[in-house]
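Single-structure report; data block below.
Nothing in this text is a laboratory measurement; each read-out follows from the coordinates by a stated rule. Just so you know, these numbers come straight off a predicted model, no measurement behind them. Reconstructed Cβ throughout: ideal geometry from the backbone, glycine too, with neighbour counts over all protein chains shown.
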């Protein structure tokens, strides 16, 4: 029962992708069947022609030969026309099916929650959306169609052959399961070899991708030869696996040709005996051998296709797994309140799964239009604080609440919430596009003056105009052509262009020097207007101008107050301040230990 339900579920999964392309596949199947029928006429024409030449058919010679020739040309022409029509329809249906599948997958993945992406490897998701999708397309639009056509061909040819000679037809029928069984058995055994070769290809591709992404590290440490050796090792493994597959395939084709040859020889010998005895005409024997030869390859292919169904079944399950993942769900009662209001963390606690709490009873208020500072060491919960505010992670019902203007963010429309919260992360991601396009991704078609104004505020305009192509300069993969500080400033400009009423800087000035940090903060202060700004940093100079500061330690608030108040408390904030100020002084005066 479970197997049946699983099969039905797979068919439903396939059916959702056939919308808009199923009629092309039906037409392709119909054209393929008509092509098979016209091809089946040719041996019959040859049969009657041979009998006419030998005098067994009683047909007039020259006139009949001309008619037979015309019939062969007409049959072949019609078969060719339907082959062309079938190919065109399969092409259109296949590409439509593939496009629909990719579109649905991509749209669905875009709506999956952040937690789902954290729990799954990017490489695995990509493989499901590329390799598995291609396997499904090949199965549905090629292999499944081929199975139906082959079954139709076998039934049609056997029906014709049984009308010609019962004894020979029974011998052909006896060989069919043997050849199909051999093909299915062989491919079931070799499928493991194919899987290992595919996995080796994936590792080889991942190695190349990793090397190209980390090209600066490889060059910086002079590890080119080491990387070449690692690539050679994986490349040799990949090549050896495919050599083994090639050897096994050679055995398969050789043994398959031998079995097919035995079958054809058996039909030829017995058919010749029957012809000599006068139990069938020479034309019938020639036609029968032609039908039998035409069945050999399709029968072997059918066994191969049937054995490959397991691979398609696995791919369907892998793609369905993504599509069955629950999307971020809104609620009809979700509201879109003004976001330039106070932010309230009301006794918020949070943990990732069954791990120890990351945040413990956070309780504070951020007045609108103020600058709020968060100081904390690595692992203190600073980034979790941001993720909860932006609802990248959902706060459980019994873990406190976060409100904006008195409205619980759980009841705020997700798109509205994120549109009005701008975030710059410590490690910003830049797309492989131009600098201008990277800045403009948060707005629909902003003007160039707006893009440049955001860049000036982020103190990156001077650096951009130094490039030969200015704002049209292409950013390498993951921003590899820019320095760490330039990437952060481009990300800041991107967020500023969003003009959100809530701006969060999550340690986003860590890659710039103190002087640039101060310059950026001064520019931001003059351009932020009434926006609420949350500065998260481990650098006190970044936070000291904030209206209010909290110090996170092990997930809870250790200290809170203004910069002067925290210094006066002579606690952890003061200790960090003294350490950082003394370090900065040593760097400026050339002091400190070598």
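Observations on the model:
- Approximate spin-label separation residue 15-residue 74, in nm, with each point projected 7 Å along Cα-to-Cβ: 4.3 nm
- Mean Cα-pair separation over length for the chain, i.e. relative contact order, pairs under 8 Å, 6 or more apart, %: 14 percent
- Segment residue 219-residue 325, extension gain: residue separation times 0.36 nm, minus the distance between their alpha carbons: 34.1 nm
- Net lengthening on full extension, residue 581/residue 526 (0.36 nm per residue, minus Cα-Cα): 17.2 nm
- Cα gyration tensor category, rounded, prolate or oblate, for the range 427-499 with a/c compared to 1.5: rounded
- Protection proxy ranking of 274-282, 416-424 - average other beta-carbon atoms within 10 Å, highest first: 416-424, 274-282
- Summary of packing: across the peptides 139-145, 77-83, the per-residue average of other C-beta atoms within 10 Å ranks them, highest first, as 139-145, 77-83.
- Taken along the Cα-to-beta-carbon direction at a fixed 7 Å, the label points for residue 431 and residue 554 span 4.4 nm.
- Maximal additional length on extending the residue 26-residue 445 stretch stands at 146.5 nm, based on 0.36 nm per residue less the C-alpha distance.
- Counting only DSSP beta bridges with both residues in the chain, the antiparallel share comes to about 45 percent.
- Against the main long axis of the alpha-carbon atoms of the chain, helix 448-457 sits at an angle near 50°.
- Amide N of the range 109-138 lying under 12 Å from the label point, which is placed 7 angstrom from the Cα of residue 201 along Cα→Cβ: 131-132, 134-135
- In this calculation the C-beta distance from residue 277 to residue 95 is compared with R0 = 56 Å, giving a FRET efficiency of 0.50.
- 0 to 90° range, to nearest 10: angle between helix 144-164 axis and the chain longest Cα axis: 10 degrees
- Nearest 10 degrees, 0 to 90: helix 166-213 Cα axis against the chain principal axis: 20 degrees
- Residues listed by number, the range 247-274, amide nitrogen under 19 Å from residue 167 label point at 7 Å toward C-beta: 263-274
- Residues listed by number, the range 540-554, amide nitrogen under 18 Å from residue 574 label point at 7 Å toward C-beta: 540-541, 544, 549-552
- Working from label points 7 Å from Cα in the Cα-to-Cβ sense, the residue 248 to residue 107 distance is 4.0 nm.
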